[in-house]
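Enquirer: One structure, pasted below without further comment.
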Amino acid sequence: MNISIFSTKSYDRTFLEAANQTARHRLVFHEARLSSDTARLAAGAEGVCAFVNDQLNAEVIDILAKGGTRLILLRCAGFNQVDLKAAAAKGIQVRRVPAYSPYAVAEFTLGMIFTLNRQYHRAYNRVRDGNFSIDGLMGFDLHGRTVGIIGTGKIGCLTAKPLAALGCKVIGCDPYENPEFTSLGGSYMDCATLLAESDIISLHCPLTPKSFHLINTATLGKMREGVMIINTSRGALINAADMIGALKSGKVGYLGIDVYEQEGDLFYQDLSNEIIQDDVLQRLLTFPNVMVTSHQAYFTDTALRNISETTLGNVEDFIAGKSTGNEVRMANV
Ligand code: NAI
């Protein structure tokens, strides 16, 4: 199959080419993000492979369909960037990688919690600068604190497990209760109660119309003073502009975000010589208690290998007409 692959970096190419050694599909790599401006690059490709910040709206899908695309391969678990209705209307199937390394994301989430709390990043720089003072670096014991997990699926549970082992009280909210979460001592409650009772809130639910801007001025108002909020899920779960006021007042004591609603124009690019126009992000970066990373929680060798192998496996299954559960349909929303 001819497969047009968007938003590719050298590491994507390395892992996808390795996974393609036996099947030998024709892979065409594009550095560009998929959008209405670039979709024509895929003309003649039956398969189009996209990542988290590629746009797969109705306009793009229409261009792809006209170019002969029959299969959209997502190199990720989330599918909020795809207009599934438009894809179905054009007879284009969508397949994704539902889990490539939930461990990678959970481990990164824990790293964010530890870094924000104990300020490793500041300590590292201070000591290298000959400053051995520890003033301003005081943290808190995680033991005994309440951690609220919103979305207790694979990543939520893997994040909760070590925190429970450290002696945190782990609470969760999810429309579907996961026995794994209760077995590690977690208790379920509604989202409003969780927000009010947590010292640390970690977001692990998908972005859907229901979870859009779950964290906003109103919900922030219900939280504990100095709460820590971590988002390694999807940017638009948080209204980032609302977060600025909450950080200024001290309501939010720590913020760790690996994802950002407007990340599409920023993340995965070296903009160090540019004037960044996003005032909300720039303001967030001025707070000493805010840590922003560039959607890298998934970024381990294991995850890249799994993404590539599952993606190429999805091509084989599509050709064989095999249903594996990796298909994304309207019913999944
Ligand atoms: P999962 O499907 O195993 O778990 C998601 C859970 O969220 C499910 O239990 C679901 O019932 C629950 N949920 C759905 N809507 C909810 C709501 N409104 N409130 C509370 N819970 C809700 O997914 P998994 O693998 O744990 O991934 C979670 C999220 O992590 C993904 O949706 C994706 O957005 C994000 N992710 C981020 C990565 C990164 O590099 N930063 C990499 C991989 C995933």
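Please treat every number below as a calculation from the coordinates, not as lab data. It should be emphasised that the depicted structure is a prediction, and the values quoted were computed from it without experimental measurement. Cβ: placed from backbone, ideal geometry, glycine included. Neighbour counts: every protein chain shown.
Enquirer: Answer with yes or no whether residue 52 is touching a residue at least 12 places away in the same chain (Cβ under 8 Å), of a type outside the set (Gly, Ala, Ser), surrounded by 17 or more Cβ atoms within 10 Å (Cβ to Cβ) and away from the ligand (no atom under 16 Å from the Cβ).
Expert: Working: touching a residue at least 12 places away in the same chain (Cβ under 8 Å): yes; of a type outside the set (Gly, Ala, Ser): yes; surrounded by 17 or more Cβ atoms within 10 Å (Cβ to Cβ): yes; away from the ligand (no atom under 16 Å from the Cβ): no.
For residue 52, the condition - touching a residue at least 12 places away in the same chain (Cβ under 8 Å), of a type outside the set (Gly, Ala, Ser), surrounded by 17 or more Cβ atoms within 10 Å (Cβ to Cβ) and away from the ligand (no atom under 16 Å from the Cβ) - is not met.
Enquirer: Working only within the stretch 107-132, note down all residues that are in a loop (DSSP other than H, G, I, E, B) and surrounded by 15 or more Cβ atoms within 10 Å (Cβ to Cβ).
Expert: 119
Enquirer: Which condition does residue 85 not pass, out of (1) more than 16 Å from the ligand (Cβ to nearest atom); (2) surrounded by 15 or more Cβ atoms within 10 Å (Cβ to Cβ); (3) within 30 Å of residue 33 (Cβ to Cβ); (4) among the charged types (D, E, K, R), if it passes all the others?
Expert: (2)
Enquirer: Those residues that are in a helix (DSSP H, G or I), in contact (Cβ under 8 Å) with a residue 60 or more places away in the chain and either at positive phi or not aromatic (Phe, Trp, Tyr) (or both), I need them from the stretch 82-106; list them, please. Explain how you work it out, then say what you get.
Expert: Step one: list which residues in the stretch 82-106 are in a helix (DSSP H, G or I), which gives 84-89, 102-106.
From what is left, the residues that are in contact (Cβ under 8 Å) with a residue 60 or more places away in the chain are 84-85, 88, 103-105.
Scanning the stretch 82-106 gives 84, 85, 88, 104, 105.
Enquirer: Residues in the stretch 258-273: is at least one surrounded by 16 or more Cβ atoms within 10 Å (Cβ to Cβ) and over 20 Å from residue 34 (Cβ atoms)? Break it down stepwise before answering.
Expert: Residues of the stretch 258-273 that are surrounded by 16 or more Cβ atoms within 10 Å (Cβ to Cβ), as a first pass: 258-261, 263-264, 266-268.
Then drop every residue that is not over 20 Å from residue 34 (Cβ atoms), which leaves 258.
Yes, the stretch 258-273 contains a residue that is surrounded by 16 or more Cβ atoms within 10 Å (Cβ to Cβ) and over 20 Å from residue 34 (Cβ atoms).
Enquirer: Say we look at the stretch 114-141 and pick out the residues that are under 18 Å from residue 225 (Cβ atoms) and out of contact with any helix residue (DSSP H, G or I) (no Cβ under 7 Å at 6 or more places or on another chain); which of these is farthest from the ligand (Cβ to nearest atom)? First the steps, then the outcome.
Expert: Pass one, the stretch 114-141, residues under 18 Å from residue 225 (Cβ atoms): 116-117, 138-141.
Retained after the next criterion (residues that are out of contact with any helix residue (DSSP H, G or I) (no Cβ under 7 Å at 6 or more places or on another chain)): 116-117, 138, 141.
Working: 116: 16, 117: 20, 138: 29, 141: 27 Å.
Restricting to residues being under 18 Å from residue 225 (Cβ atoms) and out of contact with any helix residue (DSSP H, G or I) (no Cβ under 7 Å at 6 or more places or on another chain), the top hit is 138.
Enquirer: Is it the case, given these coordinates, that residue 19 is at negative phi, away from the ligand (no atom under 16 Å from the Cβ) and crowded, with 16+ Cβ neighbours inside 10 Å?
Expert: Details: at negative phi: yes; away from the ligand (no atom under 16 Å from the Cβ): yes; crowded, with 16+ Cβ neighbours inside 10 Å: yes.
So residue 19 passes the test.
Enquirer: Would you point out which residue out of 36, 4 is more than 16 Å from the ligand (Cβ to nearest atom), assigned to a loop (DSSP other than H, G, I, E, B), of a type outside the set (A, V, I, L, M) and in contact with a helix residue (DSSP H, G or I) (Cβ under 9 Å, 6 or more places away or on another chain)? Give the derivation first.
Expert: Values: 4 fails: assigned to a loop (DSSP other than H, G, I, E, B).
Of 36, 4, the one residue that is more than 16 Å from the ligand (Cβ to nearest atom), assigned to a loop (DSSP other than H, G, I, E, B), of a type outside the set (A, V, I, L, M) and in contact with a helix residue (DSSP H, G or I) (Cβ under 9 Å, 6 or more places away or on another chain) is 36.
Enquirer: Right, here's the next one. Hey, among 206, 162, which residue is touching a residue at least 24 places away in the same chain (Cβ under 8 Å) and within 11 Å of the ligand (Cβ to nearest atom)?
Expert: Working: 162 fails: within 11 Å of the ligand (Cβ to nearest atom).
Every option except 206 fails the conditions.
Enquirer: Continuing with this model, one more query. Would you please name the residue that is surrounded by the fewest Cβ atoms within 10 Å (Cβ to Cβ), looking only at residues in the stretch 55-76 that are assigned to a loop (DSSP other than H, G, I, E, B) and charged (D, E, K, R)? Please lay out each step first, then the result.
Expert: Restricting attention to the stretch 55-76, the residues satisfying the condition of being assigned to a loop (DSSP other than H, G, I, E, B) are 55, 57, 67-70, 75-76.
From what is left, the residues that are charged (D, E, K, R) are 70, 75.
Numbers: 70: 16, 75: 26.
Among those that are assigned to a loop (DSSP other than H, G, I, E, B) and charged (D, E, K, R), it is 70.
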